[in-house]
1. Kindly list the number of the only condition in (1) touching a strand residue (DSSP E or B) at 6+ places or on another chain (Cβ under 8 Å); (2) within 14 Å of chain A (Cβ to nearest Cβ) that fails for B:ILE213.
2. Do you know which residues across the stretch B:167-196 are surrounded by fewer than 19 Cβ atoms within 10 Å (Cβ to Cβ) and of a type in the set (D, E, K, R)?
3. Exactly one of (1) closer than 26 Å to B:GLU30 by Cβ; (2) in contact with a Leu (Cβ under 6 Å, 6 or more places away or on another chain) is unmet by A:ALA41. Its number?
4. Could you check how many residues of the stretch B:33-70 are out of contact with any strand residue (DSSP E or B) (no Cβ under 7 Å at 6 or more places or on another chain), closer than 30 Å to A:LEU227 by Cβ and touching a residue at least 60 places away in the same chain (Cβ under 8 Å)?
5. Run down B:LEU92, B:LEU88 and say which single residue is within 14 Å of another protein chain (Cβ to nearest Cβ), at pLDDT below 85, out of contact with any Pro (no Cβ under 9 Å at 6 or more places or on another chain) and within 20 Å of B:MET221 (Cβ to Cβ).
6. Taking only the stretch B:274-283 into account, find how many residues are at the interface with another protein chain (Cβ under 8 Å from one of its Cβ atoms) and in a helix (DSSP H, G or I).
7. Just the residues that are among the hydrophobic types (A, V, I, L, M, F, W, C), in contact (Cβ under 8 Å) with a residue 60 or more places away in the chain and not in a helix (DSSP H, G or I), please, taken from the stretch A:189-218.
8. Identify all residues within the stretch A:144-162 that are without any contact (Cβ under 8 Å) to a residue 24 or more places away in the chain and either farther than 19 Å from A:THR61 by Cα or not in a helix (DSSP H, G or I) (or both); write none if there are none.
Amino acid sequence: MGSLVQTSIDGVLAGAAYGLSGLGFGFVYLVIRRIDLSYGACLMAGLYAVVAVSGGNPLSTATCLVIALPVAVVALAYAQWICFPVSRTQVSLSAVAASFALWMQIEEVVTLMMPLHHYNFPIDLTTRDVSLGGIAIRGDLIAIAALAFVCVALLSLFLDRTREGLALRAAIQSGDGAALCGISRSRIWTVTLLISAVLGTVAAISVAAIDRSVTPMMGLSLTLKALIVIAIGGTATIRGALIGGFVLGFVEAHAQAAFGAQVREFAIYVLLFCWLALQPAISGSRLALLPAEPEGSA
Amino acid sequence: MNDYILTLVGNAALLSMLAVSIYLMVLVGELSFGHQGFFGIGAYSAALVTSGYDFNPVFGIGAAIVAGAISGAALAILTVPLRGLMFLLSTLAFGEMVRTGLGLWYFDPDGPGPKSGPAGVEGYSGLRFIFDSGLGLAGATAFVVLALALVMIGVMLMERTQWGARVRAVGQNHLLAEAIGLRVTFIKIAVITLSAALAAFSGAMFAFFTTFIEPANFSVMLGIHALAYELIGGIGHVMAVFIGVGLDVIVLQAVHGLAEYRMIIFGGCIALLLRYRPDGLLDVPTVLAIKKRLRGKKRC
């Protein structure tokens, strides 16, 4: 029983990082109605930059963020420029497929520059485990969950208290309406991209810190996990993305504990598929949250 | 022809066949990131029937087609309410589910002995068709190219029938198709099943073309490659996949000395092309314009 609780807590805390990546990914969809499948690869490029710059020396979380963020922003802007130009208000599935092609390209660039299959992630996250009623909670997971909650709180404050946040909320309500009122479409896109990059980079650093490694598979894994999170939690609320992350972390941790890493991967895809297939039968609301054919983009 | 060219032609033909299976999906208005899953199901089914149980390759192909059709029908039925992006995601999840599932599959059909079975992530070795049949690489390549030609002819003939027109109507506007009395759900399920069976058939060909298969062969990269052939070529005509194949082969040849940069160049080409031609080089208006011009020349 104790180990079940332990696994659940570890999974849910790690899920905060997945929730954050889902939030970053879903935020782009929510505001500008784009699904960028190269998202994970762009974040992974930032992680590889951290590994390259560190030279094997441990770096603080803030330093990792300072190195990874500009790389992720450049990669995301490149993907957006090619696949989703601002001038195009309607997005086609071809554009989504094109973003997948860019994932392939970015991953190849990264693996050519750093050809090893596995690199240790040089983050210095020295923390102390906390004991609660005989259950030891990993200090690094607590720190990661706390970081995620800080990011979410800052995002909420930004959206609620600033003029840019108000403009973003207007664009979420109606992209065309916001544009008619003089809110610059390209400015909205830029702010959205930056928010998505920050949330995604923090999430990617957290995931790399949990795994203590960076591999070329991380790009696809980050994208897929973000997709699972928004498929489960939707994109309409911040709370939804976090719940999606917690569910994913919970399932992943139990699948790994019970059956090992290979089954864990299998279980994630089964979860995603079952959720997508069963959700319309359980409730029609999910399709409303994430419509197949986006309309009213910013 | 040397072995390099033969392998290149054989692999291009296999990928083209997979791209044709995705073309069928495009006809009903959907894209797929998961056809590598059907391809893998077909490859493992054919391998198990022929190398695991020593049946004739014809039975191997039959088993692959049946397994592909069943899994395709199951996917189609389970995802009936999903369209567009959500359907695309479900196919991606399905493809990855198959790949990771094959990595968990250990099976020994006959205990220790010459017969072979899948061994998880270590793959499926001991495939002997290419040697046992006496075809050799040249014969196997010719076999695959012939199969592709037959598939192409079959799809073109299907498109000329009333059924083909109904499928296109569903793909163009499913609500309008439903309004004029077409059984949209049935047509969609039937076409996805057919498409999955074709992808599994090409997977069976792949298993016969090689001596070893592993789950990593059926990664999302394979599906993207085939989808890229289809999207680059265009959704206007089945033969358009050859444009995608041609571009890939040209890129491969042009940067032969820089083979490690191939995916970077190819990925960039796909993305740029899709930016300016979202429906590919041979989209429906282009095909109609070409047909009109050809008809005009004939009259003259």
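The values are calculated or read from the model by the stated rules, or taken from the named source; none is laboratory data. Just so it is clear, the structure is predicted and the values come from calculations on it, not from any experiment. Here the Cβ is made from the backbone with ideal geometry for all residues, glycine too, and neighbour counts use every protein chain on show.
1. For B:ILE213, the failing item is (2).
2. Passing the criteria: B:ARG168, B:GLU178, B:ARG183.
3. If we test A:ALA41 against (1) closer than 26 Å to B:GLU30 by Cβ; (2) in contact with a Leu (Cβ under 6 Å, 6 or more places away or on another chain), just (2) comes out false.
4. Matching residues across the stretch B:33-70 total 15.
5. Values: B:LEU92 fails: at pLDDT below 85.
After ruling out the rest, the residue left standing is B:LEU88.
6. The qualifying residues number 2.
7. Taking the stretch A:189-218 first, the residues among the hydrophobic types (A, V, I, L, M, F, W, C) are A:189, A:191, A:193-195, A:197-199, A:202-205, A:207-210, A:214, A:217-218.
So of that shortlist, the ones also in contact (Cβ under 8 Å) with a residue 60 or more places away in the chain come out as A:189, A:193-195, A:197-199, A:202-205, A:207-210, A:214, A:218.
The answer is A:VAL214, and nothing else.
8. Here is the first cut: in the stretch A:144-162, the residues without any contact (Cβ under 8 Å) to a residue 24 or more places away in the chain are A:146, A:150, A:153-154, A:157, A:159-162.
Residues satisfying the conditions are A:LEU157, A:LEU159, A:ASP160, A:ARG161, A:THR162.
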